[in-house]
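Presented below is the structure to which this report refers.
The values are calculated or read from the model by the stated rules, or taken from the named source; none is laboratory data. Because the structure is predicted, anything quoted here is derived from the model rather than measured. Here Cβ is always computed from backbone atoms with ideal geometry, including for glycine, and neighbour counts include all displayed protein chains. Just the protein is used for accessible areas: all its heavy atoms, side chains included, with ligands, DNA and RNA removed. Shrake-Rupley method; radii C 1.70, N 1.55, O 1.52, S 1.80 Å.
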Amino acid sequence: MEKSFGVICEGPSDFRIIKRIIESFFKGEDPTIVCYQPKQLPSGKSDFGGWTGVLGNCRNDTLKEIFEFNNYAIIQIDTDCLQDKPFNVPHIGQSGKIKSDTQLCDNVIAKLNSIIFQPEIQDNKRRILFAVCIHSIECWLLPVLYSNNRKSHTTNCINLLNLAIQKKYKGMAYLNEKNKNEPNGIKVYDAIIANWKRKTDITAVSLNNAGFQKFVESLTNII
């Protein structure tokens, strides 16, 4: 059965990573993967993204459009800023302690589900896959470059990647956190995700991040 995915994500680099995950996980099946958010502009650049863009596209008709042309919708979001308004999912629990990664992931998914109000989308919830990145999608890349405890870090991930990149890929530019989608940044992402060649690669690295693992489990459930 042909597999097609419409993606709502924070930015072009996030889509690049999600696309590679899907292609590697379903290698040989030629899945179709289309980015619905952020949209590609005629200039070649992308329109406004970020987590607020993801939120807006969960509230409008984007999911309806995705389901019209695709088997599944993927919603990707980072958790680093989701305690801010208007998302309002705190990192601290009622006990005053920092939530576990699993609890935070579940809370974010519950929040996203609560803002998807269209009845026809509610009837197709099983076709929505959530890629909740704790705390950023760059954290999902750490196990490619680290074998020590840094592979499961969820903070300072871009800086950790930059440290490892200079050792593994001599002469490659740093990831610029303020402009991750510049040409040099794209080269960095492509060099890292090139290590993901098959389903087993994806499954192995996903075990280091609760949100990544939950996303991969949802892919496993696809027939």
- Message: Of Asn209, Tyr72, Leu163, which is farthest towards the positive pole of the range 67-223's charge dipole, taken about the Cα centre with +1 and -1 on the beta-carbons of Lys, Arg and Asp, Glu respectively?
- Response: Leu163
- Note on the structure: Residues meeting the amide H criterion for Gly11 (H placed from the backbone, H to H distance under 5 Å, 5 or more places apart or on another chain) are Gly50
- Roughly to the nearest percent, how much of the accessible area of the chain is carbon and sulfur, given a 1.4 Å probe? 50
- the range 70-113-the range 174-223 distance, computed between alpha-carbon centres (Å): 19
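Mean residue ellipticity at 222 nm from the helices of the chain, using -39,500 (n - 2.57) per DSSP H segment of n ≥ 4 over the full residue count, to the nearest 500 deg cm²/dmol?
Numbers: 10 runs with 97 residues, N = 223.
Taking each H run of at least 4 residues, the total per residue is -12500 deg cm²/dmol.
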- Identify, among His91, Ser24, Gly49, the residue whose Cα sits farthest towards the positive end of the charge dipole of the range 1-122, taking +1 on the Cβ of Lys and Arg and -1 on the Cβ of Asp and Glu, with the dipole about the Cα centre. His91
- Note on the structure: Restricting to Cα pairs under 8 Å and 6 or more apart, the percent relative contact order of the chain works out to 21
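With a Förster radius of 45 Å, plug the Cβ-Cβ distance of Glu2 and Asn156 into 1/(1 + (r/R0)^6) and report the FRET value to the nearest 0.05. Please report the intermediate quantities before stating the final value.
Values: r = 40 Å, r/R0 = 0.89.
So, using R0 = 45 Å, E works out to roughly 0.65.
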- Compactness of the range 45-169, expressed as Rg and Dmax over alpha-carbon positions, Å: 16.6, 51
- Message: Given a 1.4 angstrom probe, what's the average accessible area per residue across the range 129-223, in square angstrom?
- Response: 48
- Mind jotting down the three principal axis lengths of the range 92-141 based on Cα atoms? Whole angstrom, largest first. 37, 31, 13
- Residue-ordered couplings for the range 66-78, obtained by feeding phi - 60° into the Karplus form 6.51 cos²θ - 1.76 cosθ + 1.60 and rounding to whole Hz (Gly and Pro as x), are 4, 5, 5, 10, 9, 6, 9, 10, 10, 10, 10, 8, 8
- Taking amide H positions as placed in the peptide plane 1.01 Å from N, state which residues far from Cys35 in sequence (5 or more) or on other chains have amide H under 5 Å from it. Val7
- Label model pair Ser218, Tyr169: point-to-point distance (7 angstrom along the Cα→beta-carbon line) in nm is 2.7
- How far apart, in nm, are the 7 Å Cα→Cβ label points at Glu29 and Ser147? 3.1
- Hydrodynamic radius of the chain per Kirkwood, over alpha carbon pairs, in Å: 17.9
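Assuming 0.36 nm per residue, please report the length gained on full extension of the stretch Phe69 to Thr102 beyond their Cα-Cα distance. Write out the running numbers ahead of the final one.
Working: separation 33, 0.36 × 33 = 11.88 nm, distance 3.16 nm.
Using 0.36 nm per residue and subtracting the Cα-Cα distance, I get 8.7 nm.
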- Note on the structure: Computed Rg/Rh for the range 103-223 (Cα atoms; Rh = Kirkwood radius) stands at 1.03
- Message: I'm checking a number: the convex hull volume of the Cα atoms of the range 51-105, normalised per residue, in Å³. What is it?
- Response: 91
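By per-residue mean of other Cβ atoms within 10 Å, what is the highest-first order of 13-25, 147-159, 129-141? Kindly include the intermediate steps, with their values, before the conclusion.
Working: 13-25: 21.8, 147-159: 14.3, 129-141: 24.8.
The packing order, highest mean first, is 129-141, 13-25, 147-159.
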